[in-house]
Amino acid sequence: MIDFRLGEIFEQIVLFIQRNFHTSLRAIRNSINGMLDLFTDVLTFPHPLIMAAIFAAIAWRCAGKGLAAFAFFGMALIYNMTLWEPTMSTLAMVLSAVLIALVLGVPLGILMAKSSIAEKIMRPLLDFMQTLPAFVYLIPMVMLFSLGAVSGIFATLIFALPPAVRLTNLGIRQVPEDIRDAATAFGSTPGQMLFKAEIPVAAPTIMAGVNQTIMLALSMVVIAGLIGAGGLGEVVNRGLTQARIDVGFEGGLSIVILAIYLDRVTQTFGRKTKTRNP
Amino acid sequence: MTQPILEVKNLYKIFGHRPERVFPLLEQGESKEAILEKTGCTVGINNASFSIEKGEVFVVMGLSGSGKSTVIRCLNRLIDPTRGEVLLQGDDLMKMDKKHLLDARRNRLSMVFQHFGLLPHRTVLKNTEYGLEVSGMPSDTRSEKAREALKLVGLAGYEDSYPSELSGGMQQRVGLARALANDPEVLLMDEAFSALDPLIRTQMQDELLELQARMHKTIVFITHDLDEALKLGDRIVIMKDGKVVQIGTPEDILTQPADDYVRAFVRNVDRTRVITAANIMRKAASITYPVDGPRVAAREMERIGSSSVFVVNQDRKFCGLLTIDTALKLEKDKIQDVYPHLITDLFITAPDTPISDLFLTALQAKYPLVVQDPDGHLLGMLDRATVLREVTELTESEREPTPFTETDGYHELKTEHGEVSA
């Protein structure tokens, strides 16, 4: 019997990348760190209560008074629990991960919708990314990007990217044949077809993918905390390792508040394009 | 003879892998089913040729699977034919490069779709502008043209609505406006009214005819509904299994069906809508007012063996009906002037009214129906019995089971609107 030792091969690949792409890896780490710092700076610059009011205003615009009230009091509660800094750093991490996921995921989804060969290749890859237990790729990530938030963001990306790709693919494929025919019949170039017809029509589905990506990114926060990504993940892990029920509960509650807020706000993005209040 | 605006010559469309191997089989006269079994290829269009003159409404009619939708998609190359020529004013669409094809689609052809094909995220105005927008027209010119097109189809005032806020009929008007906005040489309409419920559909057909009377566009209209084809078409081509079965005017199709297939089809037509009052009316016995008095009237009724007679003036304009009782009574009382004693609450109809519309009136009317032209001249009369008999007979003959009762349209109506009574 031939002994493949797949695990060893994988390890060698990771080591190979670590040894030979040292400079590129550092460049990637620095640029992502830069983006992360920018988000963190912007989010922590105003006084927490002013920031809470800004969150409330965004909620008001998107989803109405109820969510606005929830946002303000929720954020105020987080400030009161003195978890403001870790919450904002978690939010910055989620935003960075989601931004990268969209920049990569939406074009990949479009490619997948346009080419059935691409779809055949990507489908198992996406399954792999979504089901592989996170702990399996935490150590390789740390080897490539060292301990810290960047590794956390990459681990998050692996888990949170697939829905953005899948739902973009689905949305574009579900554009009704009549609309596609109409766009062609009136003389659209392939680019006009994509940007004036397909993407806008698929927008609600794509936004559902964005929503999924955000929620999955949040769910990775605690695991990312294990490799020194900081933020609320670290708080929850401290609660776990030091058996501090109070710390764990407050950290968890903050994650839940953030999750509900982000979910409700992003859910309205998809709906707004379709209907309008007369 | 002038050059036809659109000409289709020996058009073939074979769906499937390596379509070339199907041609020898087609030449041997193999059937569509046999070819599908042998090669796995579906014959969409089999040697179709026809030409369309400027300003006519050309209807392509057939059941599902007849290739009619494939044909219309070959006319703007939404589907590329396997073989054959499509000439738009002499320019072969098949030989056009990308740039010329785009130009033809943007400026010379436009299309209306069965399920409208509107963009849900755009307002009515922006939807109407779409064709002009992709061709790169400046924003204010295209918005002006779109507004004009919307006015034409009766949607002025709805510019800022979204398609989802409109009814099906109104959405299709947007589709029509979008197609008219670029002032095309040929307007392609693919089952444009089939998704609408029957009442709205009739209304849209009438409006299309009105528009056409003003604009004289060249229209290619696809339908599975023969009634619609007969109503709209100047000429009709009937297709079956991708082949052209017959091309002709609606009258040709009705009176000289080319083969059993067309005959079976035509039998299914609701003739009560095709046959008009003028077709079944009788000459009306009449007397002239004021020359003829009650005496002449009574004699005339005796002559024709009727209990009433029509009264017209010297210009043959219709005045009323005089019954035998009144005539005799007036004669006895020595009254010469019959005018005040005429019955005038009669049902009056135009000669081109279909008899299906007269059925209910005939049921209720006490007296014969009067057929008169728009100037009020008496043309003839309709017995209640004649109308009732014609309508019943024609409806009876339609109930005969024929292999074509389950058209694709029938299915669509069933699924989209639940129970629909004919």
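The values are calculated or read from the model by the stated rules, or taken from the named source; none is laboratory data. For clarity, every value in this text was computed on a predicted model and none was experimentally measured. Cβ placement follows ideal geometry from the backbone for every residue including glycine, while neighbour counts extend to all protein chains displayed. Note: accessible area is taken over every heavy atom of the protein model, side chains too, but ligands, DNA and RNA are not part of it. Shrake-Rupley method; radii C 1.70, N 1.55, O 1.52, S 1.80 Å.
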Expressed as a whole number of Å, what is the distance separating the alpha-carbon centroids of region B:137-160 and region A:217-254? 58 Å
Largest first, please: the extent of the C-alpha atoms of chain B along each principal axis, to the nearest Å. 92, 57, 49
Which whole number gives the average, over all residues in A:173-181, of C-beta atoms from other chains lying within 10 Å of the residue C-beta? 4
Between the residues B:Asn76, B:Asn127, B:Val112, the Cα farthest towards the positive end of the dipole of region B:1-147, that dipole coming from +1 and -1 charges on the beta-carbon of Lys, Arg, Asp and Glu, is from B:Asn127
Using the Cα gyration tensor of region B:93-251, with a ≥ b ≥ c the square roots of its eigenvalues, what is the shape: rounded (a/c below 1.5), prolate (a/b larger than b/c) or oblate (neither)? oblate
Net charge within 13 Å of B:Val387 by Cβ-Cβ distance, Lys/Arg positive one each and Asp/Glu negative one each, not counting B:Val387 itself? -1
Residue-wise HN-Hα coupling along region B:84-97, computed from phi with Karplus coefficients 6.51, -1.76, 1.60 (Hz; x: Gly, Pro): x, 10, 10, 9, 9, 6, x, 8, 6, 4, 5, 8, 6, 7
If one builds a Gaussian network model of chain A from Cα atoms under 10 Å apart, the most fluctuating residue listed among A:Ser146, A:Ser115, A:Ser89 is A:Ser115
Need the C-alpha centroid separation for region B:1-19 versus region B:30-57, integer Å. 9 Å
Percent relative contact order for chain A, counting Cα pairs under 8 Å at least six residues apart, stands at 21 percent
Quick check on region A:7-67: what does the Kirkwood estimate of hydrodynamic radius come out to from the alpha carbon pairs, in Å? 15.3 Å
Please report, to two decimal places, log10 I(q)/I(0) for region B:176-251 at q = 0.14, 0.16, 0.17, 0.24 Å⁻¹ as given by the Debye formula with identical point scatterers on the Cα atoms and no solvent. -0.48, -0.62, -0.70, -1.30
Go through B:Lys231/B:Lys366; B:Lys95/B:Lys126; B:Lys13/B:Lys38; B:Lys68/B:Lys217 and tell me which ones have a Cα-Cα distance over 23 Å in this structure. B:Lys231/B:Lys366; B:Lys95/B:Lys126
CD proxy at 222 nm, helix term only [per DSSP H run n ≥ 4: -39500 (n - 2.57); per residue of chain B; nearest 500]: -11500 deg cm²/dmol
For region A:48-196, rounded, prolate or oblate, judged on the Cα gyration tensor with a ≥ b ≥ c (square roots of eigenvalues), a/c < 1.5 rounded, else prolate if a/b > b/c? oblate
Please report the base-10 log of the normalised intensity I(q)/I(0) for region B:51-111, using a Debye sum with one equal scatterer per alpha carbon and no solvent, at each q in 0.19, 0.24, 0.29 (1/Å). -0.78, -1.18, -1.44
For chain B, built as a Gaussian network whose Cα springs stay under 10 Å, the top-fluctuating residue of B:Arg142, B:Arg384, B:Arg295: B:Arg295
Most to least accessible of B:His121, B:His224, A:His22 (protein chains only, probe 1.4 Å): A:His22, B:His121, B:His224
At 222 nm, what value in deg cm²/dmol follows for chain A if DSSP H runs of at least 4 each add -39500 (n - 2.57) and the sum is divided by all its residues, to the nearest 500? -27500 deg cm²/dmol
Among B:Gln212, B:Gln114, B:Gln336, which one moves the most in a GNM of chain B with springs linking Cα atoms closer than 10 Å? B:Gln336
Tell me, in nm to one decimal, what length is gained between B:Val296 and B:Glu37 on full extension, where the rule is 0.36 nm per residue of separation less the Cα-Cα distance? 85.3 nm
What does the convex hull of the Cα atoms come to per residue for the protein assembly as shown, in Å³? 272 Å³
Honestly chain A on the Cα gyration tensor test (a ≥ b ≥ c root eigenvalues; a/c under 1.5 rounded, otherwise a/b vs b/c for prolate or oblate) is just oblate
Derived scalar couplings ³J(HN,Hα) [region B:292-299; Karplus, 6.51 cos²θ - 1.76 cosθ + 1.60; whole Hz; x for Gly, Pro]: 8, x, x, 5, 4, 4, 4, 5
What's the center-to-center distance, using Cα atoms, between region B:64-119 and region A:77-145 in Å? 44 Å
Below 8 Å, C-alpha to C-alpha, sequence gap of six or more: please give me the relative contact order for chain B in percent. 15 percent
Surrounding charge for B:Ala327, neighbours by C-beta under 12 angstrom, Lys/Arg +1, Asp/Glu -1, total -2
